[in-house]
Amino acid sequence: MKTMQSRRLRAIIGVALALLCVAAGVAAGQRMDTAGPSADPVVSIPPDARHQVTVFYSSHCSACTQVMPAVRDIAAAHPDIRFVFYDTASGGDAYRMYSAFDAAYGSLTPALPVVFAGDTVVLTGEEEVRDNLGEVVVALEYGLIPSADYEERWREPGRDEPVALTLPLVLSAGLLDGINPCAFAVLVFLLVGVLGAGTRGRVFAAGAAYSLAVFAVYFLSGFGLFAAVRSFEVMGLFSTFAGCIAIVAGVLQIASAFTRDLPVTLAIPVRRRERLAPLLREATIPAACLLGVLAGVFELPCTGGVYLAVLALLSEHATVVEGIPYLLAYNVMFVLPLLAITAGIGLGIPPERIDTWRLKHRRALRFSIGVFLLGIGAVTLAI
């Protein structure tokens, strides 16, 4: 029996390692795609960039497809102004030049399409480009720009202080997302079963296996979605979607803190919890791994509002490779409460006391998470 369990555990660990290798391979592929096969990765903007109009777009971007005919019409109507176009879908030099302009203008990788001109002019998105490009070109034509003072009219309120993607923000979001009653309940019930069938050493092992499995599911899911958003360059659309989801989830979390009669709740459905019951009773290490995978999959649609909002911020401010450390940090914080519960029960705290605490503070936790979701949803829609 022990040999069979050992084989099952090695198989599960092997699958987890294979998935992580695939993730690393995708990240490396993304890096190669964006860097080009042999070009120097260090690229500087042209010295006369401030006297021309530089347009970055993507042939895969629906907003770009809508606005580029108007941009080309403006270029044709002003033959004395030099227009330079880069299609970032080709990767390589175009993408590196895009990053160089981002750094030079401090634009924090804005959503496509984006136009750079003068000392500080950055027009981001279909609406802003359509509404302001003609005036920018006329100003260039009459020599009014480059001029930082004159260009102030195109500077959005708050652009000097954009929503920053910081490690403390990501860590705080991960920890708050991890403090959710659903994951707590499943883990506590698992460890109760382990206590009844083995030593406290097995409590640590089962809790760690469950937490690692949840971590793997969340990390790989987030990485896959993040990579897809960056690859298809739909950052703006995804930010809008994630912001709306976060706000709706926040409203539901706050409402669930005051009533149990909601037609829609952000919790693992009873039907799915019943599917986890056999694994809870089995209380083996392989069962704990599988339980963590299933709990992670079942939780994602219910508690993914914070995660989606963080992924939206990442997609706006970081490449796939740059985003990996943030994703790792977020998910470490996400499973930290699970590891803390495991340590507490393993050191002798009765599981019933933790479950009583969970039930007693469930409303306060939901209310706090709901308020945070509303805030991060509003921030995501504003970027």
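Each reported figure results from applying straightforward, stated rules to the coordinates on display, with no laboratory input. A quick note: this is a predicted structure, and the numbers were derived from the prediction, not measured. Don't worry about glycine lacking a Cβ; one is built from the backbone with ideal geometry, like all the others, and counts go over all protein chains shown.
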* To do: About the Cα centre of the range 57-124, how large is the charge dipole given +1 on each Lys and Arg Cβ and -1 on each Asp and Glu Cβ? Please answer in debye to the nearest 20.
  => 80
* **Residue list for the range 309-342, given a label point 7 angstrom along the Cα-to-Cβ vector of I349 and an amide N cut-off under 17 Å** => 334-342
* Asked: How do 304-311, 115-122, 54-61 rank on mean C-beta neighbours within 10 Å, highest first?
  -> 304-311, 115-122, 54-61
* Two-site label geometry, S368 and L336: point separation in nm, points 7 Å out along Cα→Cβ -> 1.3
* Compare the peptides 338-347, 44-53 by average per-residue count of other Cβ atoms within 10 angstrom and give them in order, highest first. => 338-347, 44-53
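Relative to the present Cα-Cα distance, how much length would full extension add between V84 and H51 at 0.36 nm per residue of separation?
10.8 nm
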* **Simple label model, 7 Å out from Cα along Cβ direction - K360 to F241, nm** => 4.2
* To do: Can you tell me which of 208-219, 326-337 comes out highest on packing, and rank the rest after it, using the mean Cβ neighbours within 10 Å?
  => 208-219, 326-337
* With r defined as the distance between the Cβ atoms of N132 and V297 and R0 fixed at 56 Å, what FRET efficiency is calculated, to the nearest 0.05? -> 0.80
